[in-house]
Each structure stands twice: as C-alpha cells, then as structure tokens.
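Just below is one structure, and these are the notes that go with it.
The values are calculated or read from the model by the stated rules, or taken from the named source; none is laboratory data. Owing to the predicted nature of the structure, the values given are computational and were not obtained by experimental measurement. Counting neighbours? That spans all protein chains shown, and the Cβs are built from the backbone with ideal geometry, glycine included. For accessibility, only protein heavy atoms count, side chains too; no ligands or nucleic acids. Shrake-Rupley method; radii C 1.70, N 1.55, O 1.52, S 1.80 Å.
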Amino acid sequence: MGKKEKAKERREKRRQEISLLRTIPYSDHQRWWTSDTVAVVTGANRGIGFEIARQLALHGLTVILTARETSVGEEAVKVLQERGLTVVFHQLDVVDPSSIEAFAKWTKEIYGGINILVNNAGVNFNFGSDNSVEFAEKVIATNYFGTKNMIKDMIPLMRPSASGARIVNVSSRLGRLNGRRNRIGNIDLRKKLEDDESLSEELIDQTMNTFLEQVKDGSWRDGGWPQVFTDYSLSKLAVNTYTRLIARKFSERPEGQKIYINCCCPGWVKTAMTDWAGHTSPEEGADTAVWLALLPDQLISGRFFGESVR
Ligand code: NDP
C-alpha cells in the first residue's frame, strides 16, 4: 500500500473511532441531564443554531433560543413550542455588551443559572472563490470577540454540577492552526499560537488587531494570513485557540464547578451563510455541537472536532 493510501486508511479509521464515540452519550444510563437542565444557543433563529436548539430540546432539555432580532426569534420559538418542546426566547446580540448584560440578568432571575452555552452566532461575507475583507471588522467582532464576551459573561452563571457545565463553540475547519492548507504563513506566530506556554489571550487579540490594522492600511495581502476566506478563517482560528486556552484555565476549577469547553466544525452546510450550497443539511450540521453539549463526564475539553461520519 502506498503512502497516500495508508494516510487515507488512518484518517478513515480515526473518523470511524470518533463516530463510534459519538453514539455513547445517547444511551439512557449516561443521560446526566433533566428537563431542568438549561441550554442557551446564540444565533438560533435559523440555520445550524435553530437545529441545535431543536435537537437539544428533543433530548428533553430546557432551551433558551436567542436571536438579535426579537420578531424572528419569537417566530422560531413558536415553531418549536408548537411541537411540544420546552423552548423560550430572549433577545441577544453578541456584539452588544448591553444586550449580553440584559440577557445575563434575565437568565439569572428566571433560571438562577445555565448548564450549557452553545456559541453558534456567526457571520461570513465570502462566497465561492471570493475573498473580500470588506467586512473584516464585523466578522472578527462577531465570530471571535462576540464568542469570547459571551463566555466571560456567562461563566458566573454556569451552574455547579457533578457532570460539569459545558460550552460549545461552533467554529470551522478553516480556522485550524495546524491545517495543511490555509494556515498562517508566519511560522514564528503559528508556533507561538500552537505552544501552550506562549499562548495567551493578549496574543490572540493582538493577532486579530494586527490583521485588522493591515486591512485598514491595505497591506494584509502580504501579511501571511490564511489565503481562503481570510477574515473568516482568522476569526475561527481565534475561536479555536481561545477554546484551548480557556479550557486550561477551566481545568483549575474545583470538582463540582468544572466547565468543559470544546469547538467544532459543522461541515459545509446548506444555510444562508453558504447561500444554501454545501454537502449537508442543518440537521446533520448541528449534530456535533449537540453531541459535545451532551457528552457524559469524559473530561474532554479544549479540543476541536470535525463533523461526524455520514
Ligand atoms: P446562518 O447565517 O444561517 O446563521 C447565523 C446566525 O448567527 C443567524 O441566526 C444570525 O442572526 C446570527 N448572528 C449573526 N450575528 C449575530 C450577532 N451579532 N448576535 C447574535 N446573533 C448573530 O449561518 P449558519 O447556520 O450556517 O452558521 C452557524 C454557525 O456555523 C456560524 O458560527 C458559522 O460560522 C458556522 N459554520 C457554518 C458553516 C456552514 O457551512 N454553514 C461551516 C462552518 C462553520 P440573523 O438572522 O439576525 O442574521
């Protein structure tokens, strides 16, 4: 067997193993959640977020479906409530600190806290071979800083539990640090972001800000940034590395107050974001995030997961 075939076989084996692992949390004896378990999903009025909310509610959890637009969010909730699911709505714009604050206050008052946060809200303005950075600021503000702000503001609301609270960040393969294609060309920077000793929140923020400065002065093409969907890829690279970083901090929390955090790629999914191109349906695209949210206590944290085998 040639090198290529061997590598293909290894990849296939790994995919099968991960796929098998994914069947575990759904057996009855490993269900750690009840109808009082509260899950929050951001950007859930449509697409993958709506599906994550629907599937979590189907598993019997209480879901807070959030959206930046109240009218569309309420419509989405109505659809799920009519199917008998326990889903409630609250407005939430992840780039608006006052909206996050109001959401946190309401959640504390009504539920006392939450068990699961799924950071799904995201934007992308690239299509096909297009690689515009026209909206870079908005892309990075929403996908990275919005996600980070949500995590920070929700930490105090995470309910202590023996099964641990969970955060799932819906990210993308395009943001993988060690991907063979589309990675950061500056080897020194890549090594710093890869190395747990040098990785810091400041380094991630500084990387985003350097890119945004280069967008402003027009020099970004020579910056060694990912070549495809540059601003979007970088925003998700920041999400992936931040997930790794904060997982280490979370691991220091005492037993009973643990928070597990992972990120995942839903695959290439037929939603508004891809102009309904893609290989998979939102139902399939949602399953990795749902699986990660419901994992039994396996101490998996700080990891990136691709889409499941279909
Ligand atoms: P959609 O465009 O269908 O949905 C994105 C959702 O995010 C919408 O509900 C949108 O709200 C919401 N949103 C955007 N900005 C904000 C904000 N500031 N505050 C709150 N909500 C916001 O895309 P998908 O369902 O495809 O994307 C979901 C996630 O999956 C994203 O993080 C995306 O990056 C990721 N992903 C998607 C892939 C795909 O192939 N589709 C591939 C890889 C990753 P509104 O309706 O108001 O615009």
Across (1) modelled with pLDDT of 95 or more; (2) within 16 Å of the ligand (Cβ to nearest atom); (3) loosely packed, with under 14 Cβ neighbours inside 10 Å, Arg181 clears everything bar (1)
Selection from the range 90-108 of residues without any contact (Cβ under 8 Å) to a residue 40 or more places away in the chain and either closer than 30 Å to Gln30 by Cβ or among the small types (Gly, Ala, Ser) (or both) yields His90, Ser98, Ser99, Ala102
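Each row is one residue, and each column tells you yes or no for (1) surrounded by 13 or more Cβ atoms within 10 Å (Cβ to Cβ); (2) in contact with a Pro (Cβ under 9 Å, 6 or more places away or on another chain); (3) free of Cβ contacts under 8 Å to residues at least 60 places away in the same chain.
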site	(1), (2), (3)
Asp196	no, no, yes
Phe211	yes, no, no
Gly218	no, no, yes
Gly223	yes, no, yes
Lys236	yes, no, no
Thr241	yes, no, no
Ile261	yes, no, no
- Query: Before we move on, is Asn169 open to solvent by 70 Å² or more (accessible area, probe 1.4 Å) and within 21 Å of the chain's Cα centre (by Cα)?
  - Reply: no
Residue hits (the range 243-259; polar (S, T, N, Q) and either under 19 Å from Asn186 (Cβ atoms) or open to solvent by less than 30 Å² (accessible area, probe 1.4 Å) (or both)) are Thr243
Residue check for Arg159: in contact with a Gly (Cβ under 8 Å, 6 or more places away or on another chain) and farther than 20 Å from Gly306 by Cα: yes
Restricting the range 105-119 to residues that are open to solvent by 20 Å² or more (accessible area, probe 1.4 Å) and in contact with a helix residue (DSSP H, G or I) (Cβ under 9 Å, 6 or more places away or on another chain), the one nearest to Ala57 (Cα to Cα) turns out to be Tyr111
Exception for Thr66 within (1) out of contact with any Lys or Arg (no Cβ under 7 Å at 6 or more places or on another chain); (2) open to solvent by 10 Å² or more (accessible area, probe 1.4 Å); (3) over 23 Å from Pro296 (Cβ atoms) falls at (2)
Residues of the range 152-177 being assigned to a strand (DSSP E or B) and more than 16 Å from the ligand (Cβ to nearest atom), in sequence order, are Met158, Ala165, Arg166
For the range 47-77 the number of residues that are closer than 30 Å to Gln30 by Cα and away from the ligand (no atom under 11 Å from the Cβ) is 12
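Enumerate the helices (runs of 4 or more DSSP H) found wholly within the range 43-151, keeping only those where 2 or more residues are closer than 25 Å to Leu245 by Cβ and aliphatic (A, V, I, L, M). Explain how you work it out, then say what you get.
Numbers: elements: 47-58, 70-82, 97-111, 136-140.
Hits in the range 43-151: 47-58, 97-111, 136-140.
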Note: among Ser27, Ser35, just one is open to solvent by 10 Å² or more (accessible area, probe 1.4 Å), more than 25 Å from Thr147 (Cα to Cα), away from the ligand (no atom under 16 Å from the Cβ) and at pLDDT below 95, namely Ser27
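Determine, yes or no, whether Ile300 is at pLDDT 95 or above and either surrounded by fewer than 21 Cβ atoms within 10 Å (Cβ to Cβ) or among the hydrophobic types (A, V, I, L, M, F, W, C) (or both).
So Ile300 fails the test.
Listed here are the residues, each with its yes/no results for (1) within 16 Å of the ligand (Cβ to nearest atom); (2) more than 17 Å from Arg173 (Cα to Cα); (3) touching a strand residue (DSSP E or B) at 6+ places or on another chain (Cβ under 6 Å).
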| site | (1), (2), (3) |
| --- | --- |
| Phe103 | yes, yes, yes |
| Ile110 | no, yes, no |
| Val118 | yes, yes, yes |
| Asn149 | yes, yes, no |
By my count, helices (runs of 4 or more DSSP H) wholly in the range 217-304 with at least 2 residues that are away from the ligand (no atom under 12 Å from the Cβ) and within 15 Å of the chain's Cα centre (by Cα) are 230-250, 287-294
